[in-house]
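Reviewing the structure listed below.
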Amino acid sequence: MSDDVAAKERTILVAVDEGDESMNALSWCLNNIISADSNDTLLLLYSKPPRYLYGSMDGTGYLFSPEVMASMQKYNNDVASSVLVKAKRLCEQVAPNVRVETRVEDGDPRDVICGVAEKLKPDVLVMGSHGYGPIKRAFLGSVSNHCAQNVNCPVLIVKSPKK
C-alpha cells in the first residue's frame, strides 16, 4: 500500500463476558487481527442478563421488592463494569494505540449480539467459545453458534486452548 492511501478503518465487534473464553478471544484478536498502524476501532460488547418476571404457582405472579430489584441491578452493573475494565486493560497492554469503545446492552446475549451486529455492521464479530460438547450445547445452547448462523458479517469464533 502506498503512503498516499490511508488504511481502511475497520470496526471489530468483540463480545465479552465474565468467562475466560471471551478474554482469550479478545487477546487472540488483539494479537492476530489488530496491527500497530491500524485505523481499527474495537467495540467491546457486554450483554447484561435480562430482568425476569417471576410468577407464583397460583398464577397471580409477583415481583421482587424495589430494594431487591435495585440490588440485583447494581450487581449486574458492577459485573458489566468489571468485565469492561478488565477487557480495556488487556487492550491497553497488548495494543495501546487501538481505539476502544464499550457498549452494555440488556437482554439475552444471542439477541443482543445479533442486534448490535445488525445495527452497526462491523467488519467482523469476534467471540469466544465455551467448547461445549453436543449434549451440553443441546441443553444450554451455543451463543457463538447462534450468532454465526444469524449475523450478516464474518464471525470469528476463538476456541480456548486445551488445558
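Since every read-out is calculated from the coordinates, none of them should be taken as a lab result. This one's a predicted model, so the numbers in the text were calculated from it and none came from an experiment. No Cβ is skipped: glycine too gets one built from the backbone with ideal geometry, and neighbour counts run over all protein chains shown.
Couple of notes before you dig in:
- Amide H partners (placed H, <5 Å) of Val100, local residues excluded: Leu42
- Here each label is just a point 7 Å from Cα along the line to Cβ, and for Asn32 and Leu120 those points are 2.1 nm apart.
- Counted charge near Arg10, where neighbours are those whose Cβ lies closer than 12 Å (Asp, Glu -1; Lys, Arg +1): 0
- Residue-wise HN-Hα coupling along the stretch 82-93, computed from phi with Karplus coefficients 6.51, -1.76, 1.60 (Hz; x: Gly, Pro): 4, 5, 5, 4, 4, 5, 5, 4, 4, 4, 5, 6
- Karplus (6.51, -1.76, 1.60) ³J(HN,Hα), θ = phi - 60°, over the stretch 103-120, in Hz, Gly and Pro reported as x: 8, 10, 10, 8, x, 5, x, 4, 5, 5, 4, 5, x, 5, 4, 5, 6, 8
- Distances between placed amide hydrogens fall under 5 Å for Gly107 paired with Lys48, all partners being 5 or more residues away or on another chain.
- Among the listed pairs Lys8/Lys86; Lys8/Lys159; Lys88/Lys159, those whose Cα-Cα separation exceeds 24 Å are Lys8/Lys86; Lys8/Lys159.
- Residue ranges 67-78, 107-118, 143-154 sort as 107-118, 143-154, 67-78 when ordered by packing (mean number of other C-beta atoms within 10 Å per residue, highest first).
- Per-residue HN-Hα couplings for the stretch 11-26 [Karplus 6.51, -1.76, 1.60; θ = phi - 60°; Hz; x = Gly/Pro]: 10, 10, 8, 10, 7, 10, 8, 6, x, 4, 4, 6, 5, 5, 5, 4
- Peptides 97-106, 121-130 ordered by packing proxy, namely the average of other Cβ atoms within 10 Å per residue, highest first: 121-130, 97-106.
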